[in-house]
Amino acid sequence: MTTKTFVLSLIVFLSFSRINGQNPHNTPTQTIRGTVTDNVSGAPLYGATIMLENTQPVKGATSDFDGHFKIPDVPVGVVQLQVRLTGYKSQYIAQLKLNSGKELVIQISMEEEIYSMAAVEVVDVKEKNEAVNSMSGTSTRAFSVEETQKFAAAVNDPGRMATSFAGVIGADDGNNNISIRGNSPYGLLWRMEGIDIPNPNHFAAPATSGGGISILSAQLLSNSDFMTGAFSAEYGNALSGVFDLRLRKGNNEKREYTFQAGFLGIDAAVEGPFSKNYQGSYLINYRYSTLSLLSQLGVGVGDGITNFQDLSFNLFLPTSKAGNFSIFGFGGKSDQVFRIEQDTSKWNGALTLNEDNYFSNTGAVGLKHVLIINGNHSLQNTVLLSGNSMGYRVAEFTRNLESKEINKDQYTQSKITYNSVWNWKINARSSMRTGAYFNRAGFNLTNEYFEEESQEWQRPLSVQSSMPTIQTFTQWRYKWSESIQSLVGLHSIWAPSTKSSSIEPRMSVRYTSKKNHTWSLGYGLHSQTQPLGVYFAEVKENGRTRRPNEHLGFNKAHHVVLGYDHRINDKLHAKIEVYHQNLFNIAIEDRDQSSMSTLNMEYNYILEPLRNTGKGRNNGIELTVEQFTHKGMYFLLSGALFQSQYLAADQVWRSTRFDAGRSLAFTAGKEWKMGGEEKNRTFGLNIRTIYTGGLRRTPIDLSASREAGEAVYIESKAYEIRMADYFRTDLKLSYRVNKKKSTKTISLDLQNATNRKNIGGFYFDEKENNIKTWNMVPLIPILSYKVEF
């Protein structure tokens, strides 16, 4: 970042402060409304009283027969709600942020008491990190849209936000790939509205769960869950973690708009009712961006031209008798082109240069139907059509500017996914959830490269086919008392094409004492299919072509988690988790002296012959100390000590690529109210500091590389080199103004604010015939302006 750019950004920020520094004539107000439902069946609850804390006169409302409530003319700021209903635990919901630009529409789910408490009122304090899914197991925490927006360097991206949590580290800060408890990023499952979705990120590579930046807009997300191990039976085909995303419904009474412009692009969102006499709503967001703008300002984000755009939406279509329908989806296009220098005198003696062209497109659209039966049963059916197409082209140019293609990769996939989930609330103590998932993936995968030695095109992967998978689950939650509850379940997965199947028991138990101490224990057997391209790798032997991996089995793992959580007060809690993961049946290279294992996979298909005889083990302890927003301040301190190892065909236990050993993250923020008596202006300061041990790399044999003209790695020393420790500080400044009918926010997000040169790895430079290191992302300023009205 140049000094000129920083000064310009600061001038714009200060100018905005002066322009909007005048107090409004009236204190801005806004409406709070929403729906109260049973946390198991989803049935609306009638007669719940919702009261605002600390208001004179007292403001509140009562839910109607459909569970709806509305509290108008609430002064903007941070508000607390008290919710009561006979037969249910009273609920205290703290630190809700109310702006003048948009109504606050919330969903409140209440838990039924096991028995009537005549003398004592049971109050369920709704903590910010409490799981949205009432049937979640251990190692689960909720995250809010507010966190993706206010955490420094999160940029509305769940993946980047999650690196603030214990046990989660970034695989490379140039993208949002995350490693959870030492596992490969591939082990992460993405789910939306209860159904599995494809990787929802721009610039995604094959066989990975991340990318450059999230396709999903924060405008659509509601509070969602993030799981890091031993997840409950309804989640399958994942080894490391789950993002279980929930979408919010658009405002069904009033049309509202959001516009945001910044260095990352332009967002426009609209939501509102379809008509005055219908409870349905729509919510649509479109974003366009080109990171070439940053390059023009002198910020080093790479040598290529980068573009992306995306669209996401959620349409809510309720009926009077046939249940509620939703149509939701997202789509994103992204590409990156590295052009050669047309002036050959600047080629620094090189005889040829390569021009790269990379693209990644992803989309999904789903139809969901929810029917509530007799107040104690609900049935959800969802069908999702999805697809992605990604490819990579390399052309070699001579000094005469003549070109020829030397690499052509094209990976196209289309999917139809259907699930059916039934919830049954047996009584206040007992509830069940059971369901099935059917998935059929069609694909066309091609990997081609031109081999100089033979002067022929090689095709290690070329297939057009389809592959189904079937998953079923059932789980039962039982509350032995108000303090003790258990969750037991069974998950199964079957892949007919590979003749693989797995039956997986899951369980967890939780005990909470009267002094707010909670102990938990969770266990689960988990499995995951290999990336599609792995199954169809081709090997030529004696003039014949065979597919050695077509019957490869699942990677599997036993997860055990022991947790302790102490709620020190309503705002502060501390949590410790100890875990062990025993990984087995892992796909490794089918060569006796090989050190290759799919546990080290970060992206792209592995096309060597594999066998399911590998092992792995992940052990660790995690600490979290968290203060939810209180008097405008919050903080999250998380740390972990862990070990991640694997055993490949050479029968040597080694550190995995992601065995950083330790991690520490401190995320905090403070808001100050300004604007005289009206307090309609807010200045915010957010900071995040991350420290981790370095990731692992395999050393390069310099003499062998010089002889071969390309990098040659010392396989017998796989991942023995630990890179230098990673340290990064991000800083975010924000200034928000609540006018009578609008909210304006300007923010400056300084990613890697100290411009630390974290080493990402090393490579063999064929031009200079030497080994060089490469650094991760430098200082990047992201200035944005948002208006809600």
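The values are calculated or read from the model by the stated rules, or taken from the named source; none is laboratory data. Just so you know, these numbers come straight off a predicted model, no measurement behind them. Note that each Cβ is placed from the backbone with ideal geometry, even for glycine, and that neighbours are counted across all protein chains shown. Side chains are part of the model used for accessible areas, which takes the heavy atoms of the whole protein and leaves out ligands, DNA and RNA. Shrake-Rupley method; radii C 1.70, N 1.55, O 1.52, S 1.80 Å.
Here are the numbers for this structure:
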read-out	value
Selection from the stretch 668-699 of residues that are more than 30 Å from the chain's Cα centre (by Cα) and assigned to a loop (DSSP other than H, G, I, E, B)	Gly675, Lys679, Asn680, Pro699
Hey, Gln410 part of a strand (DSSP E or B) and free of Cβ contacts under 8 Å to residues at least 12 places away in the same chain or not	no
Extreme residue, modelled with the lowest pLDDT, among residues of the stretch 317-339 that are in a loop (DSSP other than H, G, I, E, B) and of a type in the set (S, T, N, Q)	Ser320
Number of positions in the stretch 215-247 that are part of a strand (DSSP E or B) and either more than 21 Å from Pro185 (Cα to Cα) or among the basic types (Lys, Arg) (or both)	2
Any chance Asn444 is open to solvent by 20 Å² or more (accessible area, probe 1.4 Å), under 31 Å from the mean Cα position of the chain (by Cα) and in contact (Cβ under 8 Å) with a residue 24 or more places away in the chain	yes
Strands (runs of 3 or more DSSP E) fully within the stretch 28-107 counting 2 or more residues that are surrounded by fewer than 20 Cβ atoms within 10 Å (Cβ to Cβ) and free of Cβ contacts under 8 Å to residues at least 60 places away in the same chain	49-52, 60-62, 68-75, 77-84, 90-98
Those residues of the stretch 413-440 which are free of Cβ contacts under 8 Å to residues at least 40 places away in the same chain and either over 24 Å from the mean Cα position of the chain (by Cα) or within 21 Å of Thr472 (Cβ to Cβ) (or both), in sequence order	Ile416, Tyr418, Asn427, Ala436, Phe438, Arg440
Residues within the stretch 626-667 that are among the polar types (S, T, N, Q), in a loop (DSSP other than H, G, I, E, B) and without any contact (Cβ under 8 Å) to a residue 60 or more places away in the chain, tallied	1
Which numbered condition Asn354 fails, given (1) in contact (Cβ under 8 Å) with a residue 40 or more places away in the chain; (2) touching a strand residue (DSSP E or B) at 6+ places or on another chain (Cβ under 6 Å); (3) more than 23 Å from Glu768 (Cα to Cα); (4) open to solvent by 60 Å² or more (accessible area, probe 1.4 Å)	(3)
Check on Lys408, touching a Lys or Arg at 6+ places or on another chain (Cβ under 7 Å), open to solvent by less than 60 Å² (accessible area, probe 1.4 Å) and among the charged types (D, E, K, R)	yes
Index of the failed condition, Thr208 passing every other in (1) within 22 Å of Phe658 (Cα to Cα); (2) of a type in the set (S, T, N, Q); (3) crowded, with 23+ Cβ neighbours inside 10 Å	(3)
Residue within the stretch 575-588 that is modelled with pLDDT under 95 and open to solvent by 30 Å² or more (accessible area, probe 1.4 Å) present	no
Hits in the stretch 240-256 - residues which are over 12 Å from Gly194 (Cα atoms), within 15 Å of the chain's Cα centre (by Cα) and not hydroxyl-bearing (Ser, Thr, Tyr)	Gly241
Flag if Phe683 is surrounded by fewer than 20 Cβ atoms within 10 Å (Cβ to Cβ), out of contact with any helix residue (DSSP H, G or I) (no Cβ under 6 Å at 6 or more places or on another chain), among the aromatic types (Phe, Trp, Tyr) and free of Cβ contacts under 8 Å to residues at least 40 places away in the same chain	no
Of all residues making up the stretch 268-282, the number that are open to solvent by less than 30 Å² (accessible area, probe 1.4 Å) and under 16 Å from Gln309 (Cβ atoms)	1
Test: residue in the stretch 379-398 that is surrounded by fewer than 16 Cβ atoms within 10 Å (Cβ to Cβ), in a loop (DSSP other than H, G, I, E, B) and either touching a strand residue (DSSP E or B) at 6+ places or on another chain (Cβ under 8 Å) or modelled with pLDDT under 95 (or both)	no
Identity of the residue in the stretch 757-770, surrounded by 16 or more Cβ atoms within 10 Å (Cβ to Cβ) and farther than 13 Å from Asp172 by Cα, that ends up farthest from the chain's Cα centre (by Cα)	Phe764
Selected residue (only one of Ser481, Ser513, Ser462, Ser508 is in contact (Cβ under 8 Å) with a residue 60 or more places away in the chain, within 25 Å of Thr140 (Cα to Cα) and surrounded by fewer than 17 Cβ atoms within 10 Å (Cβ to Cβ))	Ser481
Number of the exception - Val132 against (1) open to solvent by 30 Å² or more (accessible area, probe 1.4 Å); (2) hydrophobic (A, V, I, L, M, F, W, C); (3) farther than 23 Å from Val168 by Cα; (4) modelled with pLDDT of 70 or more	(3)
Top-ranked residue of the stretch 711-743 - restricted to ones that are basic (Lys, Arg) and surrounded by 20 or more Cβ atoms within 10 Å (Cβ to Cβ), ranked as nearest to Phe762 (Cα to Cα)	Arg728
Residues of the stretch 640-663 satisfying the condition of being among the hydrophobic types (A, V, I, L, M, F, W, C) and either crowded, with 21+ Cβ neighbours inside 10 Å or closer than 20 Å to Thr163 by Cβ (or both)	Ala640, Leu641, Phe642, Leu647, Ala648, Phe658, Ala660
Verdict on Val488 being open to solvent by 40 Å² or more (accessible area, probe 1.4 Å), over 30 Å from Asn439 (Cβ atoms) and either of a type in the set (Gly, Ala, Ser) or modelled with pLDDT of 95 or more (or both)	no
Every residue from the stretch 232-267 that is among the polar types (S, T, N, Q), open to solvent by less than 10 Å² (accessible area, probe 1.4 Å) and more than 21 Å from Thr745 (Cβ to Cβ)	Ser232, Ser240
Residue in the stretch 178-191 that is crowded, with 23+ Cβ neighbours inside 10 Å and of a type in the set (Val, Ile, Thr) present	yes
